[in-house]
Amino acid sequence: MKNLSDRTAGFTDSVIRRMTRISNQYGAVNLSQGFPDFEPPRAILDRLAQTAREDCHQYSITWGARNFREALAAKQSRYMGRAIDPEREIVVTCGSTEAMMAAMMTVVNPGDRVIVFSPFYENYGADTILSGAEPIYVPLQPPSFCFDPEVLEDAFRRQPKALILCNPSNPCGKVFTEEELKLIASLAKKYDAYVITDEVYEHIVYAPHHHIYFATLPGMWERTISCSSLSKTYSITGWRLGYTIAPPEITERIKKVHDFLTVGAAAPLQEAVIPGLQFGQDYYDDLLEKYTHKRNLFLKGLDDLKIAHTNPEGAYYVLLDISRFGYESDQEFCETLARDVGVGAVPGSSFFREPVNHLIRLHFAKKDETLLEALNRLEGLRTKIPVRH
Ligand code: GLN
């Protein structure tokens, strides 16, 4: 038989999703793949039960059910500070995963270059391969995860078609400052590049940091495709509801790509989440308070155990330093951790372009009791995982 596609031959499975399977296999507390174990808001679940009996079980309009888009446009207009047109500037997708893929397919030709900050969320690697783009990696240097402006400009000198910006950033928890965003904006303009954002953690930004939507910077609306999702904001990662927001000329093209990729997101789920989109500011304040509490609880627990870690400014991930264990392979370390300590984590190497094997990622989007159980198990880290020399 002939070979399968060259393009996908180098694919590994997703390390994040693999670690969920390994965690399940060993009955570990799964802090690898980032999703909550607490309930979505009641109002959304109640509406979901009602929709079962309503007339919304066939395809919605391919770029999203009108009432969903209207509710989303109203909410995003409020937060982004500009009037978003629900008809011409929004495409509803199957999670921001599809939003990013559709954005890439819309913008890049095979062979085009795309700037990706490293560490990066692993899907971007696959997105560049599937769209035939060549990534140019720009390091975010720990511990502050700042980038070197010179290195970034060097990357722009290679005439990339686009830059991918994950803000707040998964996995390092960086929240880009206004100054950094303005610098990226000036380079995007100078070298005429598009910016594709991933802003799924837009409402999980810890004080004193605050989120700035890249598209709202002067001159950036025209060249930005903002991708986001309802997964993290309403704790519904399994509903796969995401979207792009972009100017009409770009959105017109994204609509077509999306139509041929998936036709549309689940119609009853779009209907059911509308009460969530209509929540007032209180909801977002409570969400942030909840995550701030979880972050403090989990980081304090790690401090008490004397485990060195990053301090996330946004999102819900923390990188732990495992250098002292002397493992060559962080994948092997994570498997041992799941099996012998009972905690699921993601090997840091799956996020970095640079050769990094001393970091693992845990997330804290879990009930307090789950986090306390994980911390309890992590107490056994030193005794259960022998140091290698
Ligand atoms: N964004 C989450 C993470 O990084 C979940 C990703 C996924 O599996 N879709 O873990």
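A few remarks follow.
- Annotation: of all residues in segment 35-79 being hydroxyl-bearing (Ser, Thr, Tyr) and not in a helix (DSSP H, G or I), the one that is surrounded by the most Cβ atoms within 10 Å (Cβ to Cβ) is Ser60.
- Residue match in segment 180-202 (condition: within 24 Å of Val15 (Cβ to Cβ), assigned to a loop (DSSP other than H, G, I, E, B) and free of Cβ contacts under 8 Å to residues at least 40 places away in the same chain): yes
- Any hit, segment 294-303, residues being of a type outside the set (Val, Ile, Thr) and within 30 Å of Ala52 (Cβ to Cβ): no
- Residue in segment 105-112 that is free of Cβ contacts under 8 Å to residues at least 60 places away in the same chain, more than 16 Å from the ligand (Cβ to nearest atom) and part of a strand (DSSP E or B) present: no
- Which numbered condition Pro168 fails, given (1) at pLDDT below 95; (2) within 16 Å of the ligand (Cβ to nearest atom); (3) more than 22 Å from His358 (Cα to Cα); (4) in contact with a Phe, Trp or Tyr (Cβ under 8 Å, 6 or more places away or on another chain): (1)
- Selection within segment 9-40: residues that are acidic (Asp, Glu) and either within 17 Å of the chain's Cα centre (by Cα) or modelled with pLDDT of 95 or more (or both). The member of this set that is nearest to the ligand (Cβ to nearest atom) is Asp37.
- The set of residues from segment 51-108 being basic (Lys, Arg), under 25 Å from Tyr284 (Cβ atoms) and touching a Pro at 6+ places or on another chain (Cβ under 6 Å) comprises just one member, Arg69.
- Matching residues, segment 255-265, being crowded, with 20+ Cβ neighbours inside 10 Å and either more than 22 Å from the chain's Cα centre (by Cα) or acidic (Asp, Glu) (or both): none
- Verdict on Thr177 being without any contact (Cβ under 8 Å) to a residue 60 or more places away in the chain, within 16 Å of the ligand (Cβ to nearest atom) and polar (S, T, N, Q): no
- Lone unmet requirement of (1) surrounded by 21 or more Cβ atoms within 10 Å (Cβ to Cβ); (2) more than 16 Å from the ligand (Cβ to nearest atom); (3) closer than 20 Å to Asp198 by Cα; (4) of a type in the set (S, T, N, Q) for Thr93: (2)
- As for segment 209-224, it holds at least one residue that is among the hydroxyl-bearing types (Ser, Thr, Tyr), more than 16 Å from the chain's Cα centre (by Cα) and surrounded by fewer than 20 Cβ atoms within 10 Å (Cβ to Cβ).
Per-residue answers, yes or no, for (1) buried (at least 24 other Cβ atoms within 10 Å of the Cβ); (2) touching a Pro at 6+ places or on another chain (Cβ under 7 Å); (3) modelled with pLDDT of 95 or more; (4) more than 30 Å from Phe38 (Cβ to Cβ):
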| site | (1), (2), (3), (4) |
| --- | --- |
| Cys172 | yes, yes, yes, no |
| Glu180 | no, no, yes, yes |
| Val200 | yes, no, yes, no |
| Ile204 | yes, yes, yes, no |
| Cys227 | yes, no, yes, no |
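- Of the criteria (1) without any contact (Cβ under 8 Å) to a residue 40 or more places away in the chain; (2) over 22 Å from Ser228 (Cα atoms); (3) not charged (D, E, K, R), which one Ile307 fails: (1)
- Number of positions in segment 209-243 that are more than 16 Å from the ligand (Cβ to nearest atom), touching an Asp or Glu at 6+ places or on another chain (Cβ under 9 Å), part of a strand (DSSP E or B) and not small (Gly, Ala, Ser): 0
- Residues in segment 217-251 that are without any contact (Cβ under 8 Å) to a residue 60 or more places away in the chain, more than 30 Å from Ala43 (Cβ to Cβ) and not basic (Lys, Arg): Leu217, Pro218, Gly219, Met220, Glu222, Thr224, Glu249.
- Those residues of segment 115-139 which are away from the ligand (no atom under 16 Å from the Cβ), free of Cβ contacts under 8 Å to residues at least 60 places away in the same chain and of a type in the set (A, V, I, L, M, F, W, C), in sequence order: Ala133, Ile136, Val138
The values are calculated or read from the model by the stated rules, or taken from the named source; none is laboratory data. Just so it is clear, the structure is predicted and the values come from calculations on it, not from any experiment. Cβ: placed from backbone, ideal geometry, glycine included. Neighbour counts: every protein chain shown.
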